[in-house]
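These notes concern the structure reproduced below.
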Amino acid sequence: MSLASGIEWLQLWERAVPWAPHRRRRELLAWAGAQGGPPPAQLPVGRANALLLRLHVAMFGPRIDCSATCPACAEALELEIDAGDLLGWEPPPLAGPALFQDAEWGMSFRLPTELDVEVTRNERDPRVARNLLLQRCVSECRRGAEPVDILLAPPEVTTRLGARMEELDPLAVIDFELRCRGCGHGRSSSLEVDSILWARLDAWARRMLDEVHELARVYGWTERDIVAMSPWKRLVYLDLVAR
Ligand SMILES: [Zn+2]
């Protein structure tokens, strides 16, 4: 890790630590997207997740450990997921609006983005949130040749449209199943990439501050100097301090 990255990681952590999870996601995405590409708010949710997965790989490697407790027998459930494998599911970006045809209903749509999710997040009524999302994402809706408001389309049609959106953005919702070795109970769960990445960064930052505290107290070095050290050099000094 270079000087810039260690210091910058700590700054990222400091900026994000007071925020609620959705704001942290935004901070992490802004950081991940700072290297160029479209602004993260305009990315489909799955592409934003891919950006966070790549950040996880760059900062902490590809291994993601998931754990939970079996609801049936309370045994610890663990699963190792490879971020590289997940990134293999990322399809090429859509070149323009996608088309959906369901019997007489035809639609042009784009995939829901981070911004769409942000706009609908505070809507308590799931039906209102769903309608808002449809209005934002569907640019054209026709019944036969006649243009129609998307909200007039039957729910079963918009449900199938939603399924098509998920198909086209497979990393938007990353489901996996944990099966208990003790009792065989299966439990499906979704991988929250931002929470996973945040947990790793938070653990790293707290460990780093602990090390800074130990070394600064004994040697009087600055935080910057200590963070800039290679991890192995820091470890040698920490060993010396512990003697
Ligand atoms: Zn169990």
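The values are calculated or read from the model by the stated rules, or taken from the named source; none is laboratory data. Small disclaimer: the values here were computed from a predicted structure and weren't measured. Note that we place each Cβ from the backbone using ideal geometry, even for glycine, and neighbour counts take in every protein chain shown. We work out accessible area using only protein heavy atoms, side chains counted, and drop any ligands, DNA or RNA first. Shrake-Rupley method; radii C 1.70, N 1.55, O 1.52, S 1.80 Å.
Taking the numbered list (1) in contact with a helix residue (DSSP H, G or I) (Cβ under 9 Å, 6 or more places away or on another chain); (2) under 24 Å from Leu171 (Cβ atoms); (3) among the small types (Gly, Ala, Ser) in turn, Ala228 passes all entries but (2).
When Val173, Val218, Val157, Val138 are checked against the criterion of being away from the ligand (no atom under 16 Å from the Cβ), within 26 Å of Leu52 (Cβ to Cβ) and touching a residue at least 12 places away in the same chain (Cβ under 8 Å), Val173 stands alone in meeting it. Taking the conditions exactly as written (among the aliphatic types (A, V, I, L, M) and in contact with an Asp or Glu (Cβ under 7 Å, 6 or more places away or on another chain)), does Ala129 satisfy them or not? Spelling it out, Ala129 is indeed among the aliphatic types (A, V, I, L, M) and in contact with an Asp or Glu (Cβ under 7 Å, 6 or more places away or on another chain). Scanning segment 59-109 for residues that are of a type in the set (A, V, I, L, M, F, W, C), open to solvent by 60 Å² or more (accessible area, probe 1.4 Å) and away from the ligand (no atom under 16 Å from the Cβ) returns Trp89, Leu94, Ala95, Leu99, Ala103. Note on segment 144-164: residues that are open to solvent by less than 80 Å² (accessible area, probe 1.4 Å) and under 25 Å from the mean Cα position of the chain (by Cα) amount to 3. Which residue is surrounded by the most Cβ atoms within 10 Å (Cβ to Cβ), if the candidates are limited to segment 165-213 and must be part of a strand (DSSP E or B) and either modelled with pLDDT of 95 or more or of a type in the set (Ser, Thr, Tyr) (or both)? Once the filter is applied, the top-ranked residue is Ser189.
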